[in-house]
Amino acid sequence: MVSEEGYGDLVTDMSGLVFFVDPIDGTMNFVKRGDDFASMIGAYIDGKPLIGAIIDVMGNNIYHGGKEIGLFINDERIDIPRNLPLVEGLVDVSAPMALANKFNVQDVIKKSSGFRVYGSAGIIFGHLLTGKEVMYMSYLAPWDLAAGRVLCEAAGMSVVSIDDAPINMLKSQVVIVGTQKVVSEALTTVKTR
């Protein structure tokens with residue numbers, strides 16, 4: 001088990017069944033506002049995404065599923081979001097990354113319909129799954145990414161590292177998640193930095 005709170009085993013490889021747990025994702029939102037926070041758990045087997053669940057605590061919604069079982073909000077099946085291009089959707093980028101224009105991200109934002117910041121990966125993954133947003137770019141720890149990766153890949157979205165290398169679930173990294181069209185456009189833009 002890999003957890004933000006430091007409990008569980010020291011995981012050095014992805015062999016077998018590995019769980020990633022984030023008990024409170026969006027801690028500052030929880031502490032300062034009392035909303036827009038989530039709890040997340042993702043399960044991987046031999047390095048492959050298996051099943052994930054994200055609980056939007058205050059919204060009273062559980063996003064759950066995987067490639068083999070489909071995607072759900074509570075008991076309702078989720079329709080796969082449309083593969084929209086960047087210009088047709090809202091994007092979420094971490095505030096420090098946007099303010100510092102790391103990886104040329106301000107050019108990505110300018111090509112979109114608009115920019116949002118929520119402070120909780122779990123909440124943003126819910127927005128991606130329901131088509132409210134088309135892209136999320138942030139520096140994510142394994143527990144921030146695990147459940148959302150399972151769900152977004154099951155929805156046909158792309159989940160890539162900033163350099164388009166395979167995701168390493170045992171390290172923190174800059175990740176782009178979104179529709180296939182958007183991720184392709186974003187990768188082209190960030191590579192021109």
**Request:** Name, by its number, the condition in (1) under 15 Å from the mean Cα position of the chain (by Cα); (2) surrounded by fewer than 18 Cβ atoms within 10 Å (Cβ to Cβ) that does not hold for Met135.
**Result:** (2)
**Asked** What strands (runs of 3 or more DSSP E), lying completely within region 1-85, carry at least 1 residues that are in contact with a His (Cβ under 6 Å, 6 or more places away or on another chain)?
**Response** 48-56, 70-73
**Request:** Among residues belonging to region 97-131 that are without any contact (Cβ under 8 Å) to a residue 40 or more places away in the chain and under 23 Å from Gly34 (Cβ atoms), point out the one that is most open to solvent (accessible area, probe 1.4 Å).
**Result:** Arg116
**Asked** Could you list, in sequence order, the residues of region 3-26 that are among the hydrophobic types (A, V, I, L, M, F, W, C) and modelled with pLDDT under 90?
**Response** Leu10, Val11
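The values are calculated or read from the model by the stated rules, or taken from the named source; none is laboratory data. Being a predicted model, the structure only gives us computed values, none of them experimental. Note that we place each Cβ from the backbone using ideal geometry, even for glycine, and neighbour counts take in every protein chain shown. Areas reflect the complete protein model, heavy atoms only, side chains present, ligands, DNA and RNA absent. Shrake-Rupley method; radii C 1.70, N 1.55, O 1.52, S 1.80 Å.
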